[in-house]
Amino acid sequence: MTELTSWVPEGVDLERPSAARLYDYLLGGAHNFAHDRELAHRFLKAQPNAREIARHNRAFLRRGVLFMIDHGVRQFLDLGSGIPTVGNVHEIAQQADPGARVVYVDYEEVAHAHSALLLADNPLADIVQADLTRPGDVLGAPATQALDFTQPIGLIMAGVFHFVAPDRDPAGVIAAYRDAVAPGSWLVFSQFTRDLMPAEMDRVVEVMKSSRDQMYPRGRAEITALVDGFDIVEPGVVPTAAWRPEPGLDDWADPRRSGILACVGRKR
């Protein structure tokens with residue numbers, strides 16, 4: 001039976017799974033469909049730690065947002081934000097400071113529709129439906145323009161750039177956002193890598209070829225090059241679970257099981 005609810009936008013192809021809905025499923029969300037769950041089951045077969053990887057990426061996002069809050073950032077641009085689940089950027093930031101402003105960006109229809117519903121009564125949070133690899137569209141959107149680009153902005157690219165193909169000029173895309181924000185702005189970045197679990201990652205890449213979002217894992221050196229222009233803070237480019245973990249909450253005997261490399265940097 002076709003799954004339909006009031007928040008599903010008209011015309012969405014429910015038979016073509018998406019990365020946003022896959023991630024929602026791995027995090028325990030409810031905004032996914034049968035084909036997304038079938039993809040998730042194959043993803044889990046290829047990478048049995050997938051739920052833990054998703055959870056640790058989400059925990060890294062939380063720590064990154066709070067780190068930026070501690071360094072005075074009160075406005076955030078979350079690129080490739082996905083489908084809202086517990087622990088969204090606006091929840092984290094506005095709990096720390098109710099005046100924090102957040103703009104989400106995602107091209108996926110369900111992510112946009114559900115975000116719009118969730119944020120309808122929040123005047124300091126908004127969603128832009130746009131392709132993050134087209135910075136002009138994102139930066140020119142009215143919601144984005146509501147941010148104060150003369151003040152530091154927290155750029156968030158968490159778990160999204162492994163979906164940006166090399167021919168889309170990922171370094172140029174990141175540079176466009178970097179150049180648009182004021183000095184003293186921050187970047188929170190994470191993406192899948194082959195450095196930690198190469199065999200599992202190769203299997204995941206094959207699984208994702210049947211979705212609308214193919215994957216392009218990158219090594220530490222490639223990620224370091226992508227974030228050029230940001231001064232990366234300690235501990236550098238590391239597995240998500242190893243980025244300033246909270247004792248007792250984010251410990252793993254082997255952080256390499258994170259599957260994803262992460263870093264935080266400040267624009268010079």
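Derivation of every value follows stated rules applied to the coordinates shown; laboratory data play no part. As the structure is a computational prediction, the values presented were derived from the model and not from experiment. Here the Cβ positions follow ideal geometry from the backbone for every residue, glycine too, while neighbour counts run over all protein chains shown.
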### Task
Give me the distance in nm between label points sitting 7 Å out from Cα along the Cα-to-Cβ direction at Arg16 and Asn49, one decimal.
3.3 nm
## Note on the structure
At the level of C-alpha centres, the distance separating segment 164-243 and segment 42-85, in angstrom, is 13 Å
### Task
Before rounding to the nearest 500, sum -39500 (n - 2.57) across all DSSP H runs of length at least 4 in the chain and divide by the residue total; then give [θ] at 222 nm in deg cm²/dmol.
-11000 deg cm²/dmol
### Task
Would you order Lys45, Lys267, Lys209 from fewest to most other beta-carbon atoms within 10 Å of each residue's own beta-carbon?
Lys209, Lys45, Lys267
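Compute the length gained on full extension between His71 and Gln151: take 0.36 nm times their separation in residues and subtract their Cα-Cα distance, giving the result in nm to one decimal. Numbers along the way, then the final one.
Details: separation 80, 0.36 × 80 = 28.80 nm, distance 1.26 nm.
Taking His71 through Gln151 to full extension adds about 27.5 nm, to one decimal.
Looking at the square roots a ≥ b ≥ c of the eigenvalues of the Cα gyration tensor of segment 154-264, which shape do they give, rounded for a/c under 1.5, prolate if a/b is larger than b/c, or oblate?
oblate
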#### Entry: For the chain, the fraction of alpha-carbon pairs in successive 5 Å shells from zero, as %
1, 6, 13, 18, 20, 19, 13, 7, 2, 0, 0
### Query
Where both residues lie in segment 19-267, what percent of DSSP beta bridges are antiparallel, nearest 5?
40 percent
### Query
Residues of segment 35-53 with amide nitrogen under 12 Å from the 7 Å Cα-to-Cβ point of Asp254?
49
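Stretched out fully, how many nm does the piece from Asp121 to Asp228 gain, at 0.36 nm a residue minus the Cα gap? Can you show the working numbers first?
Values: separation 107, 0.36 × 107 = 38.52 nm, distance 3.73 nm.
Roughly 34.8 nm would be gained on extension.
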### Ile127 long-range amide H proximity, modeled H, under 5 Å
Tyr104
### Message
Given axes a ≥ b ≥ c from the Cα gyration tensor, I'd like to know whether segment 100-188 is rounded (a/c under 1.5), prolate (a/b larger than b/c) or oblate.
### Response
oblate
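Magnitude of the Cβ-charge dipole of the chain, K/R +1 and D/E -1, about the Cα centre, nearest 20 debye?
Working: 27 positive and 36 negative charges, 121 e Å.
Its charge dipole is roughly 580 debye.
I'd like to compare 159-171, 52-64: which one has the highest average count of other Cβ atoms within 10 Å, and what's the full order after that?
52-64, 159-171
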#### Entry: Whole-Hz ³J(HN,Hα) from phi, Karplus 6.51 cos²θ - 1.76 cosθ + 1.60, for segment 66-73, glycine and proline x
5, 4, 5, 4, 4, 9, x, 6
